[in-house]
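For reference, the structure discussed in these notes is given below.
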Amino acid sequence: MSEERQPLDPTRRLLRVFGVTVTNYEERTAQLLERAAEPGVDIEELADIVARALELTVDLDQRLRDITVHVLEQQMETLSRLQEIIAGRRAGES
């Protein structure tokens, strides 16, 4: 008997992707920094290291933006619904 896996809701999916991205960023940038600090690294290799760090940072920033937008949308939805509920109650009191 096998368990059916439930699809991830959008929040869990975003958080999972963000968590993996942060972990990868930490690991890969640590490696890049170690490589950059090596005495024999020439300027062209340093430029490649910087380019890779920029790519990783852009990816991380996009995932952070995705999470931020999602959270702000959830907050806005909650506040809008509360505003509607309050307006409906006030209209009912009149």
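Rule-based calculations on the coordinates, nothing more; no lab input. The model shown is predicted, which means the values in this text are computed figures rather than measured ones. Here the Cβ positions follow ideal geometry from the backbone for every residue, glycine too, while neighbour counts run over all protein chains shown.
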If you bin the C-alpha pair distances of the chain every 10 Å from 0, what whole percents do you get? 14, 25, 20, 18, 13, 7, 3, 1
Rounded to whole Hz, the Karplus (6.51, -1.76, 1.60) HN-Hα couplings of segment 18-29, x for glycine and proline: 5, x, 5, 5, 5, 4, 4, 4, 4, 5, 6, 5
Summing Lys, Arg as +1 and Asp, Glu as -1, what charge do residues with Cβ under 12 Å from the Cβ of L56 carry, L56 excluded? -2
So how far apart, in nm, are the two label points at S94 and L54 if each is 7 Å from Cα heading toward Cβ? 5.8 nm
Note down the nm distance, to one decimal, between modelled labels 7 Å out along Cα→Cβ at D9 and at L32. 3.5 nm
For E77 and L46 in one chain, what is 0.36 nm times their gap in residues minus the Cα-Cα distance, to one decimal in nm? 6.5 nm
Please report the equivalent ellipsoid semi-axes of segment 11-54, computed as sqrt(5 x eigenvalue) of the Cα gyration tensor, largest first, in whole Å. 29, 10, 4
